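K.L.:
If you scroll down you'll find the structure; I have some questions about it.
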Amino acid sequence: MMSVVPMANNGILFISNAAKAHKLCSKISKCVKNVLYINFNSGPESTLSIVNKQIIDIYSKVPKNMQIDIRLMLKPRETGNKIKTNNAIELIMYDKDLANEVDNLKYSLTNKRENVDIESVENEKNAAEEVKEDVKVYDYVALGGTFDRLHNGHKILLSQAVLRAKKHVTVGVTDLNMIQSKKLWELIQPIEIRIKAVLDFLTDINPDLEYNVLPIQDVYGPTKDNPNFQLLVVSEETSRGAIKINEKRKENGLNPLDVYTIGLAEDTNQQSYEEEAKLSSSNQRMRLLGTIIREPRPNPNIPKHPYVIGLAGGIASGKSSITEKLKLKGAAILNCDIIAHELYKPGLPLNHTIAESFGSDVITDEGEVDRRKLGATVFSDKSQLQRLNSLVWPAVIQEAQKRIKALGEAGSSVVVMEAAVMVQAGWYKYCHQLWTVIIPPEEAVKRLQARNNLSEAEAKQRVSAQPSNQEQVALANVVFSPYWSYEHTQGQVDRAWENLQIYLQ
């Protein structure tokens, strides 16, 4: 048994052979917060086929709610060799078969805390099951993917490629044009971050190989015309891409690539029936909804009280459903669209200004602004829309600020200011946080057609006249997507409200 030690940020587990990796890893994972490295000796119980099985077990048989970043180092340890890690080691653990090598293990690490903790771990019996799969190795190996928020499914794919490479691994990372069909693609990390995460993992698990991690704009990447590649590693989900690549290589007079296909790993932390059963970045993006994705910055331009949330989102995105849920939580609500309606009333300055600017055709017999006629005029002409905005936006934000102040004086601690044009108008600058509501544009078009009795062309015109989901997400502190069930949306709001309490304190 291990003695009780403070939890370390990063640790390394040294084992005498690879066959012990999964069992010991599960046993000691609670000792580490962030990254746990596993390093094994070479020998008859560290063959490629055994390591191959350990890769699958470690990354696919993860105990529920285990969140640490595990990295099985694929280069066996040899006496006298230095061990490089991208993260500083604070805790060294070793199985008792290595008791006589502790000093050597410690000094082999090039990146460790000065007063590193050292603990022994009880041995586990090696698995008795026979490992049958032979592992063929190649000089040049290739694979591709999106690699958003690197998860264990990605680690299996990358590790299997590295295990089969003697010299070089190329990883193609899908660029912007290849990700826009994915669920919640607006939340996918920038490609620079994804490339860095892949390279960081690769150099941790085997620093001795050559790596080329690059953006790709199509399924082929460099595999279509590079004669050096010999093996392509794919998942069951992307296996059709391998067929296309080999067809293209044949057209280009190149030898076909051998293909190694990896099964999909189960997501043991599936949190709702809307999520996929397999490990996927889509699940991770869904779990970001309602959480802080960007830390809010102090806003010295507005009073600290009340705390103002700007709620943005395109037309028909579902802002009103989020607003109603926040109202039930205790937030005061200001709807800027309603404020604009009120400012349009006969006899008020804005009504007169709109009639002068756009003609009497947009005014009803009762003197009201005919919003449908006005909309038809401005949404078909960008210059007319900009003209309308220049008249309406200053009046609306001025009135909104008056009402926010009054709500604060009346005792409201949180005010949600809802506006479809929050981002375009720059009104988020008058808020402490920006929360954004997104749904796929095609869904927004359907909802708008049904709600406003518009043609598909009219609905598309109005949706496309607004900032894209990507533009709105780029500024947001919290993102919602009321695209799935009522319960899923409610869960997003519950998380956001719970997190908000930290900032109210």
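The values are calculated or read from the model by the stated rules, or taken from the named source; none is laboratory data. Keep in mind it's a predicted model, so treat the numbers as computed, not measured. So basically every Cβ, Gly included, is an ideal-geometry build from the backbone, and we count neighbours across all protein chains shown. To get the accessible areas, we keep the full protein, side chains included, count just its heavy atoms, and leave off ligands, DNA and RNA. Shrake-Rupley method; radii C 1.70, N 1.55, O 1.52, S 1.80 Å.
K.L.:
Using the alpha-carbon atoms, what tilt in degrees (0 to 90, nearest 10) does helix 349-358 show relative to the longest principal axis of the chain?
P.N.:
Helix 349-358 sits roughly 90 degrees off the main axis of the chain.
K.L.:
Which entries of Lys61/Lys166; Lys20/Lys278; Lys84/Lys166; Lys405/Lys446; Lys382/Lys446 show an alpha-carbon separation above 29 angstrom in the structure shown?
P.N.:
On the way: Lys61/Lys166 27 Å; Lys20/Lys278 26 Å; Lys84/Lys166 19 Å; Lys405/Lys446 37 Å; Lys382/Lys446 23 Å.
Too far apart for the 29 Å limit: Lys405/Lys446.
K.L.:
Could you check how much of the accessible area of the chain is carbon and sulfur, as a whole percent, using a 1.4 Å probe? Intermediate results must be reported in sequence, preceding the final value.
P.N.:
Details: 12050 of 24710 Å².
In the chain, the share of accessible area belonging to carbon and sulfur is 49 percent.
K.L.:
What percent does the relative contact order of the stretch 193-283 come to when contacts are Cα pairs within less than 8 Å and at least six residues apart?
P.N.:
Working: 83 pairs, mean separation 19.6, N = 91.
Reported relative contact order: 22 percent.
K.L.:
Going by the alpha-carbon gyration tensor, a ≥ b ≥ c the square roots of its eigenvalues, is the stretch 1-160 rounded (a/c under 1.5) or, if a/c is not under 1.5, prolate (a/b greater than b/c) versus oblate?
P.N.:
On the way: a/c = 1.44, a/b = 1.27, b/c = 1.13.
Rounded, because the longest to shortest axis ratio a/c is under 1.5.
K.L.:
Okay, next question. Would you please classify the overall shape of the stretch 328-454 from the alpha carbon gyration tensor, given that a ≥ b ≥ c denote the square roots of the eigenvalues, rounded means a/c under 1.5, and beyond that prolate means a/b larger than b/c while oblate covers the rest?
P.N.:
Details: a/c = 1.92, a/b = 1.29, b/c = 1.49.
Here the stretch 328-454 falls in the oblate category.
K.L.:
Ser390 to Lys446: extension gain in nm, 0.36 nm per residue of separation minus the Cα-Cα distance? Walk me through the intermediate numbers first.
P.N.:
Numbers: separation 56, 0.36 × 56 = 20.16 nm, distance 2.93 nm.
Value of the extension gain: 17.2 nm.
K.L.:
Given an 8 Å cut-off on Cα distances and at least 6 residues of separation, report the relative contact order of the chain as a percent. Let's see the in-between values first.
P.N.:
On the way: 843 pairs, mean separation 66.0, N = 505.
After rounding, I find 13 percent.
K.L.:
Between Asp381 and Lys61, take the C-beta separation as r, use R0 = 41 Å, and let me know the FRET efficiency to the nearest 0.05.
P.N.:
Values: r = 60 Å, r/R0 = 1.46.
According to the calculation, E is roughly 0.10.
K.L.:
Where the centre of each part is set by its Cα atoms, how far does the stretch 77-100 sit from the stretch 262-302, in angstrom?
P.N.:
34
K.L.:
Counting alpha carbon pairs within less than 8 Å and at least 6 residues apart, what relative contact order, in whole percent, applies to the stretch 271-368? Present the calculation step by step, with values, prior to reporting the outcome.
P.N.:
Working: 25 pairs, mean separation 10.6, N = 98.
The normalised contact order for the stretch 271-368 reaches 11 percent.
K.L.:
5 Å is the cut-off here: which amide hydrogens, built 1.01 Å from N in the peptide plane, fall below it relative to Ile83, excluding neighbours closer than 5 in sequence?
P.N.:
Leu109, Thr110
K.L.:
Now for a separate question. List the residues, sorted by chain then number, that are 5 or more residues from Ile216 or on another chain and whose placed amide H is less than 5 Å from its amide H.
P.N.:
Under 5 Å from the amide H of Ile216 lie the amide H atoms of Val173, Thr174, Asp175, each far enough along the sequence or on another chain.
K.L.:
Still on this structure, I have one more. The stretch 429-502 to the stretch 334-410: how many Å between their Cα centroids?
P.N.:
22
K.L.:
Please work out the average accessible area per residue across the chain, using the 1.4 Å probe convention, and give it in Å².
P.N.:
Values: 24710 Å² over 505 residues.
Accessible surface, normalised per residue, equals 49 Å².
K.L.:
Using a cut-off of 17 Å between alpha-carbon atoms, which lysines can reach Lys248, once sequence neighbours fewer than 8 places away in the same chain are excluded?
P.N.:
Excluding near neighbours in sequence, the set is Lys224.
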